[in-house]
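The structure appears right after this line, and notes come after that.
The values are calculated or read from the model by the stated rules, or taken from the named source; none is laboratory data. Treat the numbers as computed from the prediction; the structure is a model and nothing was measured. FYI the Cβ positions are ideal-geometry reconstructions off the backbone, even for glycines, and counts take in every protein chain you see.
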Amino acid sequence: MSVNDIVAMKGMEKISVLTAYDYSTSLICDRAGVDVLLVGDSAGMVVLGYPNTVPVGMPEMTMFCGAVARGAKRAMIVGDMPFGSYQPSASVAVENAVQLIKAGCDAVKLEGGSEIIGTIKAIVDAGIPVMGHIGLKPQTSSLWEGYRLQGRTKVSAMKLVQDAKALEKAGVFSIVLEMVASEVADEITKSVTVPTIGIGSGVGCDGQVLVLHDMLGIYEDIKPKFVKRYSELSKSIFDAVASYTREVKEGKFPEGSNTFHMSPEELDRFRK
Ligand code: KIV
Ligand code: NA
(Lines give C-alpha, C1' and ligand atoms only; values in the text may rest on other atoms or scores of the structure.)
(Ligands and ions follow the chains in the order given, each with its own letter.)
Protein backbone atom coordinates (compact mmCIF):
# COMPACT_ATOMS: atom_id res chain seq x y z
CA MET A 1 0.00 0.00 0.00
CA SER A 2 1.42 3.35 -1.03
CA VAL A 3 0.49 6.84 0.07
CA ASN A 4 -1.45 7.27 -3.17
CA ASP A 5 -3.37 4.03 -2.57
CA ILE A 6 -4.43 5.27 0.88
CA VAL A 7 -5.46 8.70 -0.40
CA ALA A 8 -7.42 7.12 -3.28
CA MET A 9 -9.46 5.06 -0.79
CA LYS A 10 -11.27 8.16 0.50
CA GLY A 11 -14.93 7.88 -0.41
CA MET A 12 -14.33 4.48 -2.06
CA GLU A 13 -13.33 2.05 0.67
CA LYS A 14 -12.82 2.42 4.42
CA ILE A 15 -9.23 2.26 5.64
CA SER A 16 -8.26 -0.27 8.30
CA VAL A 17 -5.41 0.86 10.56
CA LEU A 18 -3.99 -0.91 13.62
CA THR A 19 -0.93 -0.32 15.75
CA ALA A 20 1.91 -2.83 15.79
CA TYR A 21 5.22 -2.84 17.62
CA ASP A 22 6.95 -6.11 16.79
CA TYR A 23 7.76 -8.49 13.93
CA SER A 24 5.45 -11.41 14.78
CA THR A 25 2.26 -9.38 15.20
CA SER A 26 3.13 -7.24 12.18
CA LEU A 27 3.29 -10.41 10.10
CA ILE A 28 -0.15 -11.55 11.34
CA CYS A 29 -1.83 -8.13 10.91
CA ASP A 30 -0.38 -7.76 7.42
CA ARG A 31 -1.63 -11.21 6.38
CA ALA A 32 -5.06 -10.41 7.85
CA GLY A 33 -5.39 -7.47 5.46
CA VAL A 34 -4.91 -4.34 7.55
CA ASP A 35 -4.12 -1.41 5.22
CA VAL A 36 -1.85 0.63 7.49
CA LEU A 37 0.28 -0.47 10.44
CA LEU A 38 0.92 2.40 12.81
CA VAL A 39 3.96 2.01 15.01
CA GLY A 40 2.40 4.19 17.70
CA ASP A 41 4.19 5.71 20.65
CA SER A 42 1.36 3.97 22.55
CA ALA A 43 4.11 1.31 22.66
CA GLY A 44 5.36 3.27 25.64
CA MET A 45 2.23 2.28 27.54
CA VAL A 46 1.24 -1.14 26.21
CA VAL A 47 4.73 -2.58 25.61
CA LEU A 48 7.04 -0.63 27.94
CA GLY A 49 4.64 -0.01 30.85
CA TYR A 50 4.93 3.78 31.15
CA PRO A 51 1.82 5.61 32.42
CA ASN A 52 1.69 7.75 29.23
CA THR A 53 3.57 8.23 25.94
CA VAL A 54 5.79 11.09 27.14
CA PRO A 55 8.92 9.05 28.09
CA VAL A 56 9.21 7.33 24.69
CA GLY A 57 12.27 8.35 22.63
CA MET A 58 13.75 7.84 19.18
CA PRO A 59 15.82 4.74 20.07
CA GLU A 60 12.70 2.80 21.11
CA MET A 61 10.64 4.04 18.15
CA THR A 62 13.42 3.20 15.71
CA MET A 63 13.63 -0.34 17.07
CA PHE A 64 9.85 -0.91 16.99
CA CYS A 65 9.58 0.56 13.47
CA GLY A 66 12.31 -1.73 12.15
CA ALA A 67 10.66 -4.81 13.62
CA VAL A 68 7.22 -3.95 12.18
CA ALA A 69 8.65 -3.06 8.77
CA ARG A 70 10.39 -6.45 8.59
CA GLY A 71 7.07 -8.21 9.23
CA ALA A 72 4.84 -6.38 6.75
CA LYS A 73 4.73 -7.05 3.02
CA ARG A 74 1.53 -5.28 1.93
CA ALA A 75 0.57 -2.79 4.63
CA MET A 76 1.86 0.75 4.70
CA ILE A 77 4.00 1.48 7.79
CA VAL A 78 3.57 4.78 9.62
CA GLY A 79 5.95 5.60 12.49
CA ASP A 80 4.99 7.91 15.35
CA MET A 81 7.43 10.71 16.09
CA PRO A 82 7.83 10.58 19.88
CA PHE A 83 7.51 13.58 22.19
CA GLY A 84 10.64 15.74 21.93
CA SER A 85 11.65 14.46 18.49
CA TYR A 86 9.94 17.23 16.48
CA GLN A 87 9.43 20.12 18.95
CA PRO A 88 12.98 21.62 19.10
CA SER A 89 13.14 22.76 15.46
CA ALA A 90 12.08 21.84 11.94
CA SER A 91 15.58 20.52 11.17
CA VAL A 92 15.60 18.27 14.24
CA ALA A 93 12.17 17.02 13.15
CA VAL A 94 13.45 16.27 9.63
CA GLU A 95 16.50 14.41 11.00
CA ASN A 96 14.31 12.25 13.22
CA ALA A 97 11.74 11.64 10.49
CA VAL A 98 14.59 10.50 8.22
CA GLN A 99 15.71 8.08 10.95
CA LEU A 100 12.26 6.44 11.08
CA ILE A 101 12.17 6.16 7.28
CA LYS A 102 15.63 4.54 7.35
CA ALA A 103 14.29 2.09 9.95
CA GLY A 104 11.67 0.98 7.39
CA CYS A 105 8.67 3.32 7.76
CA ASP A 106 6.82 4.64 4.71
CA ALA A 107 5.60 7.76 6.53
CA VAL A 108 5.67 9.49 9.93
CA LYS A 109 2.95 10.89 12.21
CA LEU A 110 3.13 13.99 14.43
CA GLU A 111 0.61 15.33 16.93
CA GLY A 112 -0.62 18.89 16.41
CA GLY A 113 -2.53 21.37 14.27
CA SER A 114 -1.82 24.89 13.00
CA GLU A 115 1.05 25.34 15.49
CA ILE A 116 3.23 22.68 13.80
CA ILE A 117 2.51 23.54 10.16
CA GLY A 118 6.09 24.76 9.57
CA THR A 119 7.53 21.50 10.90
CA ILE A 120 5.17 19.39 8.79
CA LYS A 121 6.05 21.37 5.66
CA ALA A 122 9.77 20.85 6.32
CA ILE A 123 9.30 17.07 6.62
CA VAL A 124 7.09 16.91 3.52
CA ASP A 125 9.65 19.05 1.63
CA ALA A 126 12.27 16.46 2.59
CA GLY A 127 10.18 13.95 0.64
CA ILE A 128 8.66 12.20 3.63
CA PRO A 129 4.90 11.58 3.75
CA VAL A 130 3.27 12.87 6.93
CA MET A 131 0.12 11.77 8.73
CA GLY A 132 -1.42 14.46 10.95
CA HIS A 133 -2.98 13.85 14.36
CA ILE A 134 -5.45 16.25 15.99
CA GLY A 135 -8.17 16.09 18.61
CA LEU A 136 -6.86 14.38 21.69
CA LYS A 137 -3.06 14.58 21.55
CA PRO A 138 -1.84 12.12 24.18
CA GLN A 139 1.74 13.45 24.28
CA THR A 140 0.63 16.84 25.63
CA SER A 141 -2.90 16.10 26.93
CA SER A 142 -1.29 14.07 29.66
CA LEU A 143 0.50 17.28 30.75
CA TRP A 144 -2.57 19.57 30.55
CA GLU A 145 -6.24 18.62 30.72
CA GLY A 146 -5.89 14.82 30.70
CA TYR A 147 -7.70 12.55 28.28
CA ARG A 148 -11.02 14.22 27.36
CA LEU A 149 -13.41 14.36 24.43
CA GLN A 150 -12.42 17.09 21.94
CA GLY A 151 -14.71 19.41 19.98
CA ARG A 152 -17.41 19.64 22.61
CA THR A 153 -18.08 23.36 22.00
CA LYS A 154 -18.63 25.36 18.81
CA VAL A 155 -15.34 27.22 19.32
CA SER A 156 -13.24 24.08 19.80
CA ALA A 157 -15.08 22.33 16.95
CA MET A 158 -14.30 25.21 14.57
CA LYS A 159 -10.66 25.19 15.69
CA LEU A 160 -10.43 21.47 14.84
CA VAL A 161 -11.91 22.03 11.36
CA GLN A 162 -9.40 24.87 10.79
CA ASP A 163 -6.52 22.72 12.03
CA ALA A 164 -7.51 19.90 9.67
CA LYS A 165 -7.61 22.31 6.71
CA ALA A 166 -4.23 23.76 7.71
CA LEU A 167 -2.75 20.25 7.89
CA GLU A 168 -4.10 19.41 4.46
CA LYS A 169 -2.60 22.63 3.08
CA ALA A 170 0.76 21.75 4.67
CA GLY A 171 0.72 18.50 2.72
CA VAL A 172 -0.34 15.68 5.07
CA PHE A 173 -1.72 12.62 3.28
CA SER A 174 -4.19 11.76 6.04
CA ILE A 175 -5.25 12.92 9.49
CA VAL A 176 -5.89 10.95 12.67
CA LEU A 177 -8.85 12.31 14.66
CA GLU A 178 -8.61 11.12 18.25
CA MET A 179 -11.62 11.31 20.58
CA VAL A 180 -13.37 14.01 18.55
CA ALA A 181 -17.16 14.38 18.84
CA SER A 182 -18.54 12.40 15.90
CA GLU A 183 -20.44 15.40 14.44
CA VAL A 184 -17.17 17.35 14.29
CA ALA A 185 -15.28 14.37 12.82
CA ASP A 186 -17.97 14.12 10.11
CA GLU A 187 -17.58 17.83 9.31
CA ILE A 188 -13.76 17.50 9.11
CA THR A 189 -14.10 14.43 6.90
CA LYS A 190 -16.27 16.46 4.51
CA SER A 191 -13.95 19.50 4.67
CA VAL A 192 -10.68 17.89 3.59
CA THR A 193 -9.73 15.83 0.53
CA VAL A 194 -7.31 13.58 2.46
CA PRO A 195 -8.66 10.60 4.44
CA THR A 196 -9.49 10.98 8.12
CA ILE A 197 -8.59 8.07 10.40
CA GLY A 198 -10.74 8.04 13.53
CA ILE A 199 -10.13 6.67 16.99
CA GLY A 200 -13.09 7.34 19.25
CA SER A 201 -14.44 9.75 16.60
CA GLY A 202 -17.39 7.86 15.17
CA VAL A 203 -18.13 5.76 12.12
CA GLY A 204 -18.13 8.67 9.65
CA CYS A 205 -14.33 8.88 9.36
CA ASP A 206 -12.65 7.52 6.22
CA GLY A 207 -10.82 4.90 8.28
CA GLN A 208 -10.44 3.62 11.82
CA VAL A 209 -7.46 2.93 14.05
CA LEU A 210 -7.22 1.09 17.36
CA VAL A 211 -4.32 0.15 19.60
CA LEU A 212 -3.72 -3.55 18.91
CA HIS A 213 -3.27 -4.47 22.58
CA ASP A 214 -6.61 -2.78 23.41
CA MET A 215 -8.65 -4.55 20.72
CA LEU A 216 -7.01 -7.90 21.45
CA GLY A 217 -7.69 -7.53 25.16
CA ILE A 218 -4.03 -7.80 26.20
CA TYR A 219 -3.66 -4.34 27.75
CA GLU A 220 -6.13 -3.93 30.59
CA ASP A 221 -4.82 -0.96 32.63
CA ILE A 222 -7.12 1.51 30.84
CA LYS A 223 -10.20 0.68 28.75
CA PRO A 224 -11.55 3.73 26.89
CA LYS A 225 -15.19 3.61 25.75
CA PHE A 226 -14.09 3.74 22.10
CA VAL A 227 -12.27 0.41 22.33
CA LYS A 228 -14.06 -2.66 21.07
CA ARG A 229 -12.54 -5.91 22.26
CA TYR A 230 -12.30 -8.33 19.35
CA SER A 231 -10.59 -10.89 21.55
CA GLU A 232 -9.79 -11.59 25.18
CA LEU A 233 -6.19 -12.61 24.62
CA SER A 234 -5.05 -11.88 28.14
CA LYS A 235 -7.29 -14.75 29.26
CA SER A 236 -5.86 -17.07 26.58
CA ILE A 237 -2.29 -16.11 27.49
CA PHE A 238 -3.02 -16.54 31.21
CA ASP A 239 -4.53 -20.01 30.66
CA ALA A 240 -1.63 -21.11 28.45
CA VAL A 241 1.02 -19.91 30.89
CA ALA A 242 -0.78 -21.46 33.87
CA SER A 243 -1.07 -24.83 32.03
CA TYR A 244 2.60 -24.74 31.09
CA THR A 245 3.67 -23.99 34.64
CA ARG A 246 1.46 -26.79 36.01
CA GLU A 247 2.83 -29.30 33.47
CA VAL A 248 6.44 -28.33 34.20
CA LYS A 249 5.86 -28.80 37.94
CA GLU A 250 4.09 -32.12 37.37
CA GLY A 251 6.80 -33.40 35.00
CA LYS A 252 4.25 -33.67 32.15
CA PHE A 253 6.18 -31.32 29.88
CA PRO A 254 8.19 -31.98 27.74
CA GLU A 255 6.51 -35.00 26.17
CA GLY A 256 8.06 -37.62 23.88
CA SER A 257 7.30 -35.54 20.82
CA ASN A 258 9.29 -32.65 22.31
CA THR A 259 12.33 -34.80 23.16
CA PHE A 260 15.53 -35.64 21.22
CA HIS A 261 17.36 -39.01 21.30
CA MET A 262 20.80 -40.46 20.62
CA SER A 263 20.98 -43.16 17.95
CA PRO A 264 20.51 -46.66 19.51
CA GLU A 265 24.12 -47.66 18.53
CA GLU A 266 25.63 -44.56 20.10
CA LEU A 267 23.43 -45.01 23.17
CA ASP A 268 24.79 -48.59 23.55
CA ARG A 269 28.38 -47.36 23.45
CA PHE A 270 27.50 -44.50 25.81
CA ARG A 271 26.08 -46.86 28.42
CA LYS A 272 29.03 -49.35 28.33
O1 KIV B 1 0.23 5.89 19.51
C2 KIV B 1 -0.81 5.48 18.97
O3 KIV B 1 -1.18 4.31 19.08
C4 KIV B 1 -1.62 6.44 18.21
C5 KIV B 1 -2.96 5.99 17.70
C6 KIV B 1 -3.87 5.64 18.79
C7 KIV B 1 -3.55 6.96 16.76
O8 KIV B 1 -1.18 7.54 18.02
NA1 NA C 1 0.66 8.10 19.17
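So that you can scan it fast, the table gives a plain yes or no per residue for (1) among the charged types (D, E, K, R); (2) more than 17 Å from Ile28 (Cα to Cα):
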site	(1), (2)
Asp214	yes, no
Ile218	no, no
Val227	no, yes
Ser231	no, no
Ala242	no, yes
Arg246	yes, yes
Lys249	yes, yes
Lys252	yes, yes
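Scan region 202-260 for residues that are in contact with a Leu (Cβ under 7 Å, 6 or more places away or on another chain) and assigned to a helix (DSSP H, G or I) and jot them down.
Leu212, Leu233
Only strands (runs of 3 or more DSSP E) wholly contained in region 25-114 count here; list those with 2 or more residues that are of a type in the set (Val, Ile, Thr), within 12 Å of the chain's Cα centre (by Cα) and buried (at least 19 other Cβ atoms within 10 Å of the Cβ).
Result: 36-39, 76-80.
Looking only at region 136-180, filter to residues that are assigned to a helix (DSSP H, G or I) and among the acidic types (Asp, Glu); which one of those is surrounded by the fewest Cβ atoms within 10 Å (Cβ to Cβ)?
Glu168
Conditions tested, residue by residue: (1) hydrophobic (A, V, I, L, M, F, W, C); (2) touching a Gly at 6+ places or on another chain (Cβ under 7 Å).
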{"residue": "Val56", "(1), (2)": "yes, yes"}
{"residue": "Ala72", "(1), (2)": "yes, no"}
{"residue": "Ser91", "(1), (2)": "no, no"}
{"residue": "Ile101", "(1), (2)": "yes, no"}
{"residue": "Asp106", "(1), (2)": "no, no"}
{"residue": "Glu111", "(1), (2)": "no, no"}
{"residue": "Lys121", "(1), (2)": "no, yes"}
{"residue": "Gly132", "(1), (2)": "no, no"}
{"residue": "Trp144", "(1), (2)": "yes, no"}
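Of the numbered conditions (1) of a type in the set (Gly, Ala, Ser); (2) assigned to a helix (DSSP H, G or I); (3) away from ligand 2 (no atom under 16 Å from the Cβ), Ser16 satisfies every one except a single condition; which is it?
Ser16 satisfies all of (1) of a type in the set (Gly, Ala, Ser); (2) assigned to a helix (DSSP H, G or I); (3) away from ligand 2 (no atom under 16 Å from the Cβ) except (2).
Being of a type in the set (Gly, Ala, Ser), away from ligand 2 (no atom under 12 Å from the Cβ) and under 26 Å from Ala43 (Cβ atoms) is the filter here, so list the residues in region 136-163 that pass it. Quick ask: steps written out before the conclusion?
If we filter region 136-163 for residues that are of a type in the set (Gly, Ala, Ser), which is where we start, we get 141-142, 146, 151, 156-157.
Imposing the further condition that a residue be away from ligand 2 (no atom under 12 Å from the Cβ) reduces the set to 146, 151, 156-157.
Across region 136-163, the qualifying residue is only Gly146.
Among the hydrophobic types (A, V, I, L, M, F, W, C) and either within 16 Å of ligand 2 (Cβ to nearest atom) or at pLDDT below 95 (or both): which single residue out of Ile120, Ile128, Ile188 fits that description?
After applying the criteria, what remains is Ile120.
Which ones in region 134-170 are of a type in the set (Gly, Ala, Ser) and either on the phi > 0 side of the Ramachandran plot or away from ligand 1 (no atom under 16 Å from the Cβ) (or both)?
Step one: filter region 134-170 for residues of a type in the set (Gly, Ala, Ser), giving 135, 141-142, 146, 151, 156-157, 164, 166, 170.
Residues satisfying the conditions are Gly135, Gly146, Gly151, Ser156, Ala157, Ala166, Ala170.
Identify, by number, the condition in (1) within 16 Å of ligand 1 (Cβ to nearest atom); (2) farther than 30 Å from Ser191 by Cβ; (3) surrounded by fewer than 11 Cβ atoms within 10 Å (Cβ to Cβ); (4) without any contact (Cβ under 8 Å) to a residue 60 or more places away in the chain that Lys223 doesn't meet.
(3)
Taking the stated definitions as given, is Ser174 in contact with a Pro (Cβ under 7 Å, 6 or more places away or on another chain) and closer than 21 Å to Glu115 by Cα?
So Ser174 passes the test.
Quick check: is even one residue across region 44-54 under 21 Å from Val124 (Cβ atoms), within 16 Å of ligand 2 (Cβ to nearest atom) and without any contact (Cβ under 8 Å) to a residue 60 or more places away in the chain?
no
Looking only at residues that are closer than 22 Å to Arg74 by Cα and charged (D, E, K, R) in region 96-132, which one is nearest to ligand 1 (Cβ to nearest atom)?
Result: Lys109.
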